[in-house]
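Chemist: Here it is, the structure, as structure tokens.
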Amino acid sequence: MSRLSLVPTPIGNLEDITRRALDVLRQADVVAAEDTRRSRVLLDHYTITTPLERLDAHTMDARAAGLLERFEHVAYITDAGTPGISDPGAELVRRAVAMEVAVEVLPGPTAFVPALVLSGLPAARFTFEGFLPRKGAERRRRIEAIAAATATSVLYEAPQRLAATLHDLGTACGPRREASVSRELSKRFETTVRGTLEALAKRYDGEQVRGEIVVVVGPAEPADPGAERRRVIDALAGAGVRGAVLRSALEALGVPRNDAYGAALRFPEDAAD
């Protein structure tokens, strides 16, 4: 039976690869790569002579099925990190599953995990957004979802769009929302800058940024249902709705019975502020 192995490769430092990954690359019948030029550097560094074939988003339709049919064991690597995360690896897995090819995924490097930890923001719950759409309604919807999220959000961004994305996030989330920007992780010029979205947008506005970038946005403050409930009670009571009538109105609005009863006691019909 044919087998597809997704092999994580270093996101920067070539030493960040497992012995198992090297063994699989050596033992496979072919290494399919998103960018053969970049992958050749890695294979040459470790003296791996397995045949190398290009398989990226542009060649997936024409080559994927043929590779999986011709070779008993295909190892797949992308430009960097774990295949299937914001790259053509996800599509290759779907095709392999449809062809009933056995799929294995090796553990290994990925950029968003170290960036999340480096941010210093809450990491117990988080969402990974990948790359945001460049424009349009879908971009606005995704940014609004990040603004409302009560878990930390992690996303990738291209250098030339970093400043604009930070401005858009600041507008939606509020300028004081905490965030971080990590770039060139595991490389010589690795940096992580932490601060508010407003400060980060100013920091990168007009700057020529290079390298792979991960943006981490802190969670929104949890909503306080009691605050909205108190606002409704005060508004009704201020309009003269009191006592039993206030209680009935609040229950009709979905306020818990005990809270509605307590409001009626605080604002009786025969009392005025």
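Chemist: Where in the stretch 68-169 are there trypsin sites (Lys or Arg not before Pro) that are in a DSSP coil and have at most 12 other Cβ atoms within 10 angstrom of their Cβ?
Modeler: Passing sites in the stretch 68-169 are ARG125, ARG134, LYS135.
Chemist: Within the stretch 170-273, report the chymotrypsin sites (Phe, Trp or Tyr not before Pro) that DSSP leaves as loop and that have at most 16 other Cβ atoms within 10 Å. Kindly include the intermediate steps, with their values, before the conclusion.
Modeler: Values: sites: PHE189, TYR204, TYR261; in loops: PHE189.
Answer by residue number: PHE189.
Chemist: Could you tell me the extents of the stretch 3-105's C-alpha atoms along the three principal axes, largest first, rounded to whole Å?
Modeler: 35, 26, 21 Å, listed from the longest principal axis down.
Chemist: Moving on to the next point. Restrict the search to the stretch 66-139; then list the GluC sites (Glu not before Pro) that DSSP places in a loop and that have at most 15 other Cβ atoms within 10 Å of their Cβ.
Modeler: Those satisfying the criteria are GLU72, GLU100.
Chemist: Let me ask something additional. For GLU138 and GLU228, what is the calculated FRET efficiency with R₀ set at 30 Å and r taken between the beta-carbons, to the nearest 0.05?
Modeler: Computed FRET efficiency for GLU138 and GLU228: 0.55.
Chemist: For the chain, what is the convex hull (Cα atoms) projected area averaged across all directions, in square nanometres? Numbers along the way, then the final one.
Modeler: On the way: hull surface 82.2 nm².
Computed as one quarter of the Cα hull surface, the answer is 20.5 nm².
Chemist: So what J values fall out for the stretch 137-146 if you push phi through Karplus, 6.51 cos²θ - 1.76 cosθ + 1.60 with θ = phi - 60°, rounded to Hz, Gly and Pro as x?
Modeler: 5, 5, 4, 4, 4, 5, 5, 5, 5, 4
Chemist: Follow-up question, since we're still on this one. Extension gain ALA235-GLU100, at 0.36 nm per residue separation less the Cα-Cα distance, in nm?
Modeler: 42.3 nm is the gain from fully extending ALA235 to GLU100.
Only the coordinates and a few stated rules stand behind these numbers; no lab work does. Computed from a predicted structure; not experimentally measured. Using ideal geometry, Cβ is built from the backbone for each residue, glycine included, and neighbour counts are taken over all protein chains shown.
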